[in-house]
Amino acid sequence: MAHLSAENLDRARRLVAVYPKSRSALIPLCHLAQSQDGYLTEEAMVDIAELTGVTAAEVRGTATFYDMLHTEPVGDYVIAMCTNIACLLGGAYELLEHAEGRLGVHIGQTTADGNFTIEEAECLAACDTAPCVQVNHRFFGPLDGAGFDRLIDDLTAGRLVDQVPRHGVLNRVERTVGLLTENESEARA
Amino acid sequence: MITNADPIITRRIAFEDSYTIERYLATGGYEGLRRALTMTPEAVAEEVNKASLLGRGGAGFPAGRKWSMLRQAPTSYLVVNGDESEPATFKDHLLIERDPHQIIEGSLITAYAIGASQIFIFCRGEFALGLERLQAACNEAYAYGAIGKNIFGAGFSIDLVIHPGAGAYICGEETALLESLEGKRGFPRIKPPFFPAVNGLYGQPTVVNNIETMSNIPWIILNGGDAFAALGTGASTGTRLFALSGRVKRPGWYELEMSKTTFRDLIFDPSLGGGIIDDGTIKAFIPGGVSAPWFGPDQLDLGLDQEAVGKAGSMLGSGSVVVMDDTTCVVRAAWRITRFFHRESCGQCTPCREGGTWLEQIMRRIEEGGGRESDLDLLMDVCDNIAPGVSWPPQQTTICVLGPSIPSSIASAIRMFRDEFLAHIEAGCCPMGGAR
C-alpha cells in the first residue's frame, strides 16, 4: 500500500516523533523519499501527506518551493555548478561552458544515459575554493576544465562511490538517540 | 603589522579530527556547559550581556538583548540558524563541518539561560557533510550525557534536533526559517510582531541565533563576558570570522579581533589575503555580503568594525568580503548579484518580485550590449520603487529585507563606474569580452 519501503516508513515515523508538530517533518521526509527513489515521486508525496497530516497537494506545494527537492526524475549525479559572485570572479561561466560541452547537455538537462544532470547553482558557501561545484551536495573545487573532466571520469568509473552516494541520499548519519521514549512520543502524537 | 587576539571559535580547527567528541573533550569541550549549569540561568545570560556579543548572522543585533526579549511562557524554543546562503559567506559552513560540538555546546548553554524547551539546529540542506557531522556530534553528545535527561546530573533536561533545509536563500531570514521548520514554504512572516521572541515557532516564544553566535558562547562562559568585551572596540567586541573571496591571492576564512584590522590589512597583508591576483589593481570590494553596498579603494583603511562600516554607508553584514580587480567587469558582477536576488525572491511582495525581475532584465541587456543610455535612469527609478531614496540603510517597502537589498549592487556600480555602463552601451557589447 505505502510507497515508502517498510524500513523507510519506520525511519519516517521516528523523524515525525522528534518534532512537536508532525508537519515539521515534511521536509526531512521529502529528503528521505528522495534517498529512496532519487527524486520526489507522486506516490511518496501521498505517504508524506499521510505521515504529516496534510494533503498531498500541500506536500507538493511546499516541496516545489525548494531547489533541492526534485519532483521530476534527475540523473544519478546532479552536478550543481555555482556561478555566483565569487565563483564568477574565478571563471565559473567558462567552467560551466566546458561542462556543457563535455557532457553534451545544457543547464537543467540530463545525459541520455541518465548519469548526469547539470544545474546552475547559487552560492554554495565554499567561495575560498572558487569555482566550486557540488555533486549530490558533496563539494569539489577549485576546478578548471581538466579537473572537471577528471571528476566526471572518476564518477563514471565508480571511484567516488564512498564519497558521493547516489542523488537523494543526503545525511547518512541517523539520529540514534532522543529525549522522548517511544511511549511518550506516541502519547504526544 | 597585524595584531590579533588568540582565536576563540577556530582554535580547534587545525586538528584533523576537530569534529569528533574525543578532540573536543581533549581541548576543553563541554567545560563551558558544566560551568553554566553551576550558575543560575540569569547569571549565564548576564555574562553574555557583558560580552556585548553582536549577532553574527548579518543584522548584528545584540544576542543578550534578543534573549531578554523572550516572552515568558511554558513552552519556548531555541532555533539555531545554520542556513548560511548569503553569497560569498562561508564561515558557518566551516564551523558546522569542523567544530559541530562547539555549536551544540553553545546552544545548550543558551537554551539553559533562556529556559527553552527544545533546540533545533537548522542546517542548510546543501551542507551534506555538515549535516552528517552535526548529527554524529549530536549522537555523541547524547551518549556523553551533554544532551537529554538530567544533563551532567545537574537537573537540566533538553532535546536537540538537527533539521535539514532544502535549498532556499530566503530561509536565512528568521521568520521564513521558522515557516520552513514548520514544514511550509519559506515565506517571511508579516511584521509586527518584529521578533520571534514574542511569536515564533508554532506561535511560541523563540530565540533564533546564528551558528557563529552560538560558537562564541562556551568561551564567553569559561572566560567571562568582560574578557570578550575587552577584545575589539566600542560596540564591536570579540573576534569575528571573516570570509575573503574574489580576486585575492589567498581567499579563505580569517578569525580577527574586531575593529583592530582594516580592509586593507585583510586584503593585502601577506598573512591574510596576500594582495590581488597577478598583482593587479583593486577596483572595488563588497564589505559584508552581496546585500551590502560596495566600497572603492578609498575606503580600504576603514576598520573591520560594525559601526565604522555602517557610518561609511554600507554594512559589515555577514562578514564576507568580495574583492574585484581591474579584470572584473562590474556590469557583469552587478548583473549576477541582481539575478541572484531575482531568483531567490519568494514572490510575496510586488516591489521585490517585479522590481527584481525588471532590474535583472535591464542589467542583462546592458551587459549583452543591447542597453540604452536611458537605462541608467530607469535602473535607478526601479531601485527607488523598491527602496525609496536608494539610501543606506534602505527604506523598506516589503515584508523582509531581501527586496531592499537588490538596489545595493546596482546603485553602487552605477555611482562608482558610470563610464563602464556607458562604454557597454556605446560599444554594443561588453568591452571586457564578458570575461570574468
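Observations, loosely collected:
- When you restrict to C-alpha pairs under 8 Å that are six or more residues apart and normalise by the size of segment A:6-71, the relative contact order lands at 30 percent.
- Take B:31-39, A:78-86 and order them by the average number of nearby Cβ atoms within 10 Å per residue, most first; the result is A:78-86, B:31-39.
- Taken residue by residue and averaged, Cβ atoms of other chains lying within 10 Å of the Cβ of B:184-190 number 3.
- For B:THR38 and B:ASP226, the difference between the fully extended length at 0.36 nm per residue and the C-alpha to C-alpha distance is 65.8 nm.
- Counting only DSSP beta bridges whose two residues both lie in chain B, roughly 45 percent are antiparallel.
- Sites B:ASP381 and B:GLU426 - FRET efficiency at Förster radius 30 Å, r taken between beta-carbons, to 0.05: 0.90
- What separates the Cα centres of segment B:195-254 and segment B:62-124 is a distance of 10 Å.
- Averaged over residues, the count of other Cβ atoms within 10 Å places the peptides B:6-19, B:158-171 in the sequence B:158-171, B:6-19, highest first.
- Within a Gaussian network of chain A (alpha carbon springs, distance under 10 Å), most fluctuating of A:PRO142, A:PRO131, A:PRO20: A:PRO20
- Under Karplus coefficients 6.51, -1.76 and 1.60, residue-wise ³J(HN,Hα) of segment B:367-380 in Hz, glycine/proline x: 4, 7, x, x, x, 10, 4, 5, 4, 5, 5, 5, 4, 5
- Over segment B:330-427, relative contact order from alpha-carbon pairs under 8 Å, at least 6 apart, %: 34 percent
- Annotation: amide H of A:PHE139 has no partner in the under-5 Å range at sequence separation 5 or more or interchain, hydrogens built in the peptide plane.
- Partner chain coverage, peptide B:390-403 - average Cβ within 10 angstrom: 0
- Estimated from helical segments only, the mean residue ellipticity of chain B at 222 nm is -12500 deg cm²/dmol, where each DSSP H run of four or more residues counts as -39500 (n - 2.57).
- Relative contact order (%) - chain B, alpha-carbon pairs under 8 angstrom, separation at least six: 16 percent
- Highest-first packing order for the peptide set B:22-30, A:145-153 is B:22-30, A:145-153, based on the mean count of other beta carbon atoms within 10 Å.
- Residues whose amide H falls under 5 Å from that of B:GLN118, counting only those 5 or more places apart or on a different chain, are B:SER76, B:LEU78, with hydrogens built in the peptide plane.
- Over 21 Å between alpha carbons, listed pairs B:LYS260/B:LYS311; A:LYS21/B:LYS66; B:LYS91/B:LYS149: A:LYS21/B:LYS66; B:LYS91/B:LYS149
- Rounded to 5, the percent of DSSP beta bridges in the protein assembly as shown classed as antiparallel: 45 percent
- Whole-Hz couplings from phi, Karplus 6.51/-1.76/1.60, listed for segment B:413-426; x for Gly and Pro: 5, 5, 5, 8, 9, 3, 4, 6, 4, 5, 5, 4, 5, 5
- Measuring from each cysteine beta-carbon in chain A, the ones with no other cysteine beta-carbon under 4.7 angstrom are A:CYS30, A:CYS123, A:CYS127, A:CYS132.
- Inter-chain shielding of B:124-137 (mean C-beta neighbours from other protein chains, 10 Å cut-off): 6
- Against the main long axis of the alpha-carbon atoms of chain B, helix B:330-344 sits at an angle near 50°.
- In order through segment A:39-47: 3J(HN,Hα) via Karplus (6.51 cos²θ - 1.76 cosθ + 1.60), integer Hz, x for Gly, Pro: 8, 8, 7, 4, 5, 5, 4, 5, 4
- Cβ-based net charge around B:THR262, under 14 Å, with every Lys or Arg adding one and every Asp or Glu removing one: -3
- Among beta bridges identified by DSSP and lying wholly in segment B:232-325, the antiparallel ones come to about 80 percent.
Values in this text are rule-based calculations from the coordinates and carry no lab data. All figures in this text were calculated on a predicted structure; none of them were measured in a lab. Virtual Cβ from ideal backbone geometry, glycine too; neighbours counted across all protein chains shown.
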